[in-house]
Amino acid sequence: RPEEVIPGLLAGCSAPLVLTMAEVTSEETRVEGAVERAVGALGGRLARVWGHTLYHLDDLQGPSGPYNGATGIRAIGDVFTPFKDKCEQKVQVRKEVPTPTAGALPLPSRTAPTTLTPAGGKAPAGAGAELGALLDRPLPGWQELPWPQGAQVAPPTQHPNAVLPFKGGESVALARLKYYLWDKDLLAAYFDTRNGMLGGDYSTKFAPWMALGCLSPRTIYWAIKKYEAERVANKSTYWVIFELTWRDFYRFFAIKHGNRIFFETGCSGKALRWSPDQAAFFKAWREGRTGMPLVDANMRELAATGFMSNRGRQNVASHLVLDLGVDWRRGADWFEHCLLDYDVTSNWGNWVAAAGLTSGRLNLFNITKQSKDYDQQGEYIRTWVPELARVPAEHIHEPWLMSRDNQAKYGV
Ligand SMILES: Cc1cc2nc3c(=O)[nH]c(=O)nc-3n(C[C@H](O)[C@H](O)[C@H](O)COP(=O)(O)OP(=O)(O)OC[C@H]3O[C@@H](n4cnc5c(N)ncnc54)[C@H](O)[C@@H]3O)c2cc1C
């Protein structure tokens, strides 16, 4: 509850200014409002800064922006391409804000008393402990988190098949950016590798750091521009920027549609009919037990590691909603629970679109064909579905078509 913790941090500060990146969806803006009231009660102010997107909202709906009419960005359509074209033709990506030098920001006084209870629940040493001392402390480790009484907790472990370790923080994010662009030149081949599913290198993996505010899309953009000037500019370098524009699209789309991105009938208001067996189908999907090897492999990866490739996400979403007839919100909710890169507008926007509940294009995926196209040798499936580990490539995408003899031979 930020509205409870933040006032504790501010106790003793006069007229505090609290900065936050502006949110657009209802739960998040409710939290902002609660913090604003709590900070206001201390004589302070909450200032919202626009920051999540590549293109700045003010540039899109300002006097020379493509959405400068009375409804501003709400005039955005449900189709991506016109939005992307308008951005590319009419809007400049702003430069990054320079990193403040030491002492440049008016941080809270280091001697202000605080009511904050530090990690571990122990009271600060002595009366009126200093905020500065708390700021200097390292972040609490997993053992120090406020676990429920009697909870059996174990240290977080790294799954051996995880695409990356995904350590948090800006330094690791910038190291990943450097690795992807400058050390390995992976950016130059992104267009051809982006549909992969195995390993760290087939796509940028920037999403978790962006979702948690460790890496800005503008930082990525300007790094790509430098790379294009110094190494190579090609379809791949352009395509990462194209994908970042998709991310923007869903954030602005959420401003337009408000809570409809969470409704059963989505943005189009169209009622879909769900299967009477949807509860059982959803459980099988979530646990990676549908019997469709590509879907099961992806769902197991998600549950075990918190990540799934974009190719996987498109397929499992299509399968859940359009083949199994399960309410799309169950899938979106499960993704919200699992994804390291969970981002409210990217997640719910992609899901509502996958369900065909916008006026944009609907993609119905042929899962078996996708499996053959994107996992030709079945390597990805074998990584996550050990039941099929001995099945050769010719049968692995449709194991149900194998003869009984072959099933016995390959241990299915
Ligand atoms: C059903 C579904 C749910 C999704 N949920 C999320 C989510 O919660 N958070 C999230 O960040 N992305 C989400 N995505 C989009 C996309 O799958 C991930 O951003 C991408 O797989 C993350 O891996 P990456 O960083 O290696 O991506 P890359 O392929 O390297 O792409 C570069 C960046 O472009 C952006 N991007 C790429 N594709 C999309 C897209 N379709 N929509 C929005 N942004 C995109 C991401 O910021 C990504 O980091 C979802 C897609 C689907 C189909």
Scanning the range 204-219 for residues that are more than 6 Å from the ligand (Cβ to nearest atom), within 21 Å of A188 (Cα to Cα) and not in a helix (DSSP H, G or I) gives L215, S216
| said: Any residue at all in the range 41-53 that's within 30 Å of I220 (Cβ to Cβ) and either in a helix (DSSP H, G or I) or without any contact (Cβ under 8 Å) to a residue 24 or more places away in the chain (or both)? | reply: no
Considering residues that are more than 17 Å from W50 (Cα to Cα), surrounded by 11 or more Cβ atoms within 10 Å (Cβ to Cβ) and either modelled with pLDDT of 90 or more or in the same structural domain as L10 (by TED's automatic domain parsing) (or both), the number found within the range 88-111 is 2
Apart from one, (1) over 21 Å from R329 (Cα atoms); (2) buried (at least 20 other Cβ atoms within 10 Å of the Cβ) all hold for W285; the odd one out is (1)
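Quick check, is K235 modelled with pLDDT under 95, outside the structural domain of A332 (by TED's automatic domain parsing), surrounded by fewer than 17 Cβ atoms within 10 Å (Cβ to Cβ) and not aliphatic (A, V, I, L, M)?
no
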Take the conditions touching a Phe, Trp or Tyr at 6+ places or on another chain (Cβ under 9 Å), among the acidic types (D, E) and modelled with pLDDT of 95 or more and apply them to D58. Does it pass?
yes
Checking R300, R260 in turn, the sole residue that is of a type outside the set (A, V, I, L, M, F, W, C) and either crowded, with 21+ Cβ neighbours inside 10 Å or out of contact with any Leu (no Cβ under 9 Å at 6 or more places or on another chain) (or both) turns out to be R300
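The values are calculated or read from the model by the stated rules, or taken from the named source; none is laboratory data. Just so we're clear, the structure is a prediction, and the values are computed from it rather than from any experiment. All Cβ positions, glycine included, derive from the backbone under ideal geometry; neighbour counts span all protein chains shown.
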